[in-house]
1. Which pairs turn up if I take residues in the stretch 104-121 that are in the same structural domain as I187 (by TED's automatic domain parsing) and look for partners that are among the polar types (S, T, N, Q) and assigned to a loop (DSSP other than H, G, I, E, B) with beta carbon separation below 7 Å, at least 6 apart in sequence or on another chain?
2. Output yes when any residue across the stretch 325-335 is part of a loop (DSSP other than H, G, I, E, B), touching a strand residue (DSSP E or B) at 6+ places or on another chain (Cβ under 9 Å) and crowded, with 20+ Cβ neighbours inside 10 Å, and no when none is.
3. Please state which of the following conditions D132 fails to meet, knowing it meets all the rest: (1) part of a loop (DSSP other than H, G, I, E, B); (2) surrounded by fewer than 19 Cβ atoms within 10 Å (Cβ to Cβ).
4. Working only within the stretch 161-171, note down all residues that are small (G, A, S) and either under 17 Å from I140 (Cβ atoms) or modelled with pLDDT of 95 or more (or both).
5. Give I296, I271 a once-over and let me know the one that is crowded, with 20+ Cβ neighbours inside 10 Å, part of a strand (DSSP E or B) and either of a type outside the set (D, E) or in contact with a Pro (Cβ under 6 Å, 6 or more places away or on another chain) (or both).
6. Pairs under 8 Å by beta carbon, first residue within 11 Å of G272 (Cβ to Cβ) in the stretch 289-315, partner of a type in the set (D, E), six or more apart or different chains?
7. For the stretch 355-367, check the following and say yes or no: at least one residue is among the basic types (K, R), out of contact with any strand residue (DSSP E or B) (no Cβ under 6 Å at 6 or more places or on another chain), under 23 Å from E410 (Cα atoms) and surrounded by 13 or more Cβ atoms within 10 Å (Cβ to Cβ).
8. Given the residues L396, L356, L347, L415, which is the only one that is at pLDDT 90 or above and either over 25 Å from P178 (Cβ atoms) or in a loop (DSSP other than H, G, I, E, B) (or both)?
Amino acid sequence: MKTFGASLGGGVVGGLLVFLCFFLTGDPLHQAFERLNHPQDSVSIVPVQLPYSPPQNIPPRRFEPDLQPLPEEVITPSPLVKPIPQESIPLHLAPEEEVAVKVYEKVNQSVVNITTRSYRYESMFFPATPSDGAGSGSVIDLNGHILTNYHVIEGSTEIAVTLFDGNTYDAAFVGSDPMNDIAIVRINAPPETLHPVDIGISHNLKVGMRVFALGNPFGLERTLTTGIISSLNRSLQIRGNRSVKSIIQIDAAINPGSSGGPLLNSQGMLIGMNTAIASKNGQSAGVGFAIPSSLIRQVVPELIEHGRVIRADIGITRIYQKEEGLLIAGLMRDGPAEQAGIQGPRLMRRGPVVYLDRSAADMIVAVDGQPIESADQFITYIESKRPRESVVLTVLRKGRETKVRVVLSEAPTDL
């Protein structure tokens, strides 16, 4: 009963509220209920708008995308900036750049790319294995003679030379000087395609002079690198216990494939031939070596004429370097030294044992009055002579000095 009475009282109160709202506002019944449930909506908010007149009589338009390609953009230069033709833009080079450009333009057509092929026979039951090599060279005359390193073509059965114009020619071996790592090959090319390099002099070089190395490192044709002369008169061991004197040390980058290329001065003249690098991995480490042009001038004419360098020979095949001098360890049978009375070690027999008695050998202490301190010094002096010239050896024999005159002969052909 209490619940029924509360419900009835609430209904009466609610009806009275609805009647009052309808009487006061005149709104429909459902709007009155909305205002009771949401009293905040009774506040009207009118935004401030600028005066605007809608366009008249504009028909509705349907959006259609334009799929036509856009026209190329045309850039119209400003009338204040006039375009300058590229060919009329002046090129300003620094003095060092100008020298490098002139050297390259003068000499790059003289540099050639040399490729070689040799065959190695490992067994009579298997075919030969080909081995390819590459290096550089320089054209030295219009007859097609090419200057390069001996180690570039050593042992090759096929040699090809590619000129600056891309034409490749088979090359024929002319001559070599293995002791100085110099070789000459020849191609049969039209003279108008050959551009000989100018061979300069190297006796007046100075440390610090700028040099330019041209070659084909890693097969990259006619590559120019620059540097300076780092040192002069280096000795470079090339074959066996022989070393080349007056080697030029440079810091210009030299890499595999650069061997045989020219080393140039600022006038574009060949002052050396790039031949070796000091490196642990076979690539440039800033220490390169070049054979001086003075040696090239001396050797090349003989290679072209005779195919080899004609040197004097004394007939001593082996020597040991001692503190007192050079101990003779071997003599050529019937050679110049043996014929002159120079004594080498002797074979001795003691019962069934045969041994070599080196105490009987002469020890060289001087040549033509000049003290000798090394085997290389001795060989270099002998090779500076011509066949049939004579030298006087000062030797120690049984503790006493003895002078012996030896007439030099022609050295055998280099292997």
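1. N113/N216; T116/S156; R117/S156; R117/T157; S118/S156; S118/T157; Y119/T157
2. If we filter the stretch 325-335 for residues that are part of a loop (DSSP other than H, G, I, E, B), which is where we start, we get 325, 332-335.
If we keep only those that are touching a strand residue (DSSP E or B) at 6+ places or on another chain (Cβ under 9 Å) as well, we get 325, 332, 335.
Cutting the leftovers down to crowded, with 20+ Cβ neighbours inside 10 Å gives us 325.
Yes, the conditions are met somewhere in the stretch 325-335.
3. That leaves (1) as the condition not met.
4. A171
5. Unique residue meeting the criteria: I271.
6. I291/D181
7. Scanning the stretch 355-367, I find no residue that is among the basic types (K, R), out of contact with any strand residue (DSSP E or B) (no Cβ under 6 Å at 6 or more places or on another chain), under 23 Å from E410 (Cα atoms) and surrounded by 13 or more Cβ atoms within 10 Å (Cβ to Cβ), so the answer is no.
8. Values: L356 fails: at pLDDT 90 or above; L347 fails: at pLDDT 90 or above; L415 fails: at pLDDT 90 or above.
Result: L396 is the single residue among L396, L356, L347, L415 that is at pLDDT 90 or above and either over 25 Å from P178 (Cβ atoms) or in a loop (DSSP other than H, G, I, E, B) (or both).
The values are calculated or read from the model by the stated rules, or taken from the named source; none is laboratory data. Treat the numbers as computed from the prediction; the structure is a model and nothing was measured. Note that we place each Cβ from the backbone using ideal geometry, even for glycine, and neighbour counts take in every protein chain shown.
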